[in-house]
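Here's the structure we're looking at; comments come further down.
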Amino acid sequence: MYIVENSQKLSGSITIGWSKNAGLPLIAASLLIPWKVTLHNVPDIADTHDFLHFYTSLGANYSLIDNTLILDSSKISTLNI
């Protein structure tokens, strides 16, 4: 626990890193959204690519450039599992 005493007003921003345990469910959830979804700070790792391979096998499209992932599930018409 931190105790802040006699502090001045804080301001600024920080960049939060990607967590695959939180990020992969976001990619999965994007399958339910019929328009483009953009995620930033996505790491170029095997787990991400494995999931994107599954994503495209369902008929969705994606673009991963400079750690920005654009997901498009608008072309999925039916889902058969």
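Only the coordinates and a few stated rules stand behind these numbers; no lab work does. Computed from a predicted model, the values in this text were never measured in an experiment. In this analysis, Cβ positions are derived from the backbone assuming ideal geometry, glycine residues included, and neighbour counts consider all displayed protein chains.
List of remarks:
- Those lysines that a straight Cα-Cα span of less than 28 Å connects to LYS9, excepting residues fewer than 8 apart in one chain: none
- Over the chain, the reciprocal of the mean inverse Cα-Cα separation, the Kirkwood hydrodynamic radius, stands at 14.7 Å.
- Angle between the chain longest axis and helix 20-30 axis [Cα atoms, degrees, rounded to 10]: 50
- Within straight-line cross-link reach of LYS36, lysines at Cα separation under 17 Å, skipping those fewer than 8 residues along the same chain: LYS75
- Rounded to 0.05, the FRET efficiency of the PHE51 and ILE14 pair, given R0 = 22 Å and the Cβ-Cβ distance, is 0.25.
- In the chain, the longest principal axis of the Cα atoms and the axis of helix 46-57 are about 40 degrees apart.
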